[in-house]
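Working notes for the structure below.
The values are calculated or read from the model by the stated rules, or taken from the named source; none is laboratory data. Note that the coordinates shown come from a computational prediction; the quantities given were computed from them, not determined experimentally. With ideal geometry, Cβ positions are generated from the backbone for all residues, glycine too; neighbour counts draw on all protein chains shown. Accessible surface areas use protein heavy atoms only, side chains included; no ligands, DNA or RNA. Shrake-Rupley method; radii C 1.70, N 1.55, O 1.52, S 1.80 Å.
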Amino acid sequence: QVQLVVPVAVVFSPGSVPGDLPRPLPFRDVQEMEISVNLRSSVTSRYEMLFRGTTAQEEAALAAVTAREVDAALRPLQDSSMGSLTMYVVPETSSLLPQGISVYVGKHRSALVRAGRSLAALHPRLRQVTQMMSFTATSIAAALSDRVPNGQLSPDARRYLKSSLGYEITFSLLNPDPKSHAVDWDIEGAVNRYVRPVVDKLSLVANFSVDSQILYYAVLGVTPRYDKESSSFLLSAHSLPHVINPVEARLGSSAASLYPVLNFLLYVPERSHSPLYIQDKDGAPVSTNAFHSPRWGGIMVYNVEAPASPQASLPLHVDVDMARVMEVFLAQLRLLFGLSREELPPEFLLESPGNEGLADWELDHLLWAHTVENIATVSTTLTSLAQLLDKIGNIVIKDDVASEVYQAVASVQSAVSKLAMGHLHSAFQASKEAVTSSERAFFDPSLLHLLYFPDDQKFAIYIPLFLPMAVPILLSLAKIVRETRQRKKEPTKMD
């Protein structure tokens, strides 16, 4: 049983305090919600709310002109520990929030919430913002997708990447027609400018490595359909799954990788199939001309403008617009990590995370999900190991394997207790250590060969070896027994 505790500070600015407060400020309130996983296990979310008024420094920060300036000014004044949130309640008439907007979520771990007429009206809004900035029942169910019954799982739950100690990101440029197109892309500069800030921020979650490659004569494996009306070639939605397998055979990056590989492919269509556009299920063109595959990566089709004169010399020199390409790839990366912002009410305004790619509270959102998933993974691994040891009676457990099991159990207990105290970062680190120890114990070489060498295989191996030697020995023993019996039956001669 896991309890997730979120410390939340609700700060009332002057003029925003509702009249129906149960007691004078400051006071504490606790809200609990149970997230059912399956019949045997559930996760309890506990929001520990501290209601208080603003300090003099916070009042000065809230006097800024725009919500963005307020968010930047409030950052040094609030609790910046991971997993904690601060909600600043502003008056109904405040000009900080645009017309029709009731919630502004900043880049860090705070939000501006327009005050309701009463605390009862404000509570649902606070709960909605708190869940969005920490975790929802959907995100926890997606993290525990292996344990949730299929009927109760949302369609997007299996889209997200599973928790791992590391990830490898591979950018590939596919040029199927190098005789016609000489493609030049500044991938190193683009990675340093767009990808590196995101990876640096995600380094708390896992280790990342980034590489790139150019593949020539690599085709999609699906022949696009020619459309006379638009004089272009089209890839329909139902043919997209057939694109990946032929391309993946050329990538070769996942063969030698210990960690999940995220593939981002930029495809420049050959001249005979240009321009090439991707259609969605309704037959409409996809604006980004790209698609993504769950837990695998994404592919973007980059069309090259035809030369003005037919006599233009080949190959055509193509400079790839890396800003446009990376915008699509980073959006797909966020989608693979479950950081999409699709289901938001219209009265919510979210600040763009800027060059960092994700906000502080989005990083916390990821840590909540991965911590719960790591705890479940350790539980499954240790249970499987215990069942294996029960089945093999003559197994020998070495001291180092036993110490890894003890370390995994201690770490996972520490992670659960840290979650119950609201210490997200230390809980996540403990859950990572638990995963590492449990995997070492389960895949220890001293145990692994016993997995493939049960008792019935011993008979199958040793009988062919000993049977040829045993047959003459048994026949000789039988002969000796017969001769002994005949001697006993013969009368003894007396002189």
Cα long-axis angle, helix 119-133 against the chain (0 to 90 degrees, to the nearest 10): 50 degrees
I'd like the orientation of helix 322-336 relative to the chain: the angle between its Cα long axis and the longest Cα principal axis, in ° from 0 to 90, rounded to 10. 60 degrees
I want the antiparallel fraction of DSSP beta bridges within the chain, as a percent rounded to 5. 30 percent
Qualifying trypsin sites (Lys or Arg not before Pro) in the stretch 39-125, DSSP loop, other Cβ atoms within 10 Å at most 14: R40, R117
Give me Rg over Rh for the stretch 347-492, both radii from the alpha carbons and Rh done the Kirkwood way, two decimal places. 1.47
At 222 nm, what helix-only mean residue ellipticity would the chain give, in deg cm²/dmol to the nearest 500, using -39500 (n - 2.57) for each DSSP H run of four or more? -12500 deg cm²/dmol
Given the Cα atoms of the chain, and with Rh set as the inverse mean 1/r over their pairs in the Kirkwood sense, what is Rg to Rh to two decimals? 1.17
With all distinct Cα pairs included, what does the Kirkwood hydrodynamic radius of the stretch 166-337 come out to in Å, to one decimal, could you say? 16.9 Å
Debye equation applied to the C-alpha atoms of the stretch 315-386, log10 I(q)/I(0) at 0.11, 0.17, 0.18, 0.28 Å⁻¹: -0.49, -0.82, -0.87, -1.29
Measure off, as a whole percent, the carbon and sulfur share of the 1.4 Å-probe accessible area of the stretch 360-447, all protein chains present. 58 percent
Report V435's accessible area, 1.4 Å probe, all protein chains in place, as a number in Å² to the nearest 10. 20 Å²
Compute the helix-to-body angle for 241-251: its Cα long axis versus the longest principal axis of the chain, expressed 0 to 90° and rounded to tens. 70 degrees
What is the sum of charges, Lys and Arg at +1 and Asp and Glu at -1, for the other residues whose Cβ falls under 15 Å from the Cβ of A72? -2
Env charge @ V210, Cβ radius under 15 Å, K,R +1 / D,E -1, value -2
Rounded to two decimals, what ratio of Rg to Rh does the stretch 1-80 give with C-alpha atoms and a Kirkwood Rh? 1.11
With the 1.4 Å probe rolled over protein heavy atoms, the chain has an accessible area per residue in Å² of 53 Å²
Over the stretch 2-144, what percent of the accessible surface lies on carbon and sulfur atoms, probe 1.4 Å? 52 percent
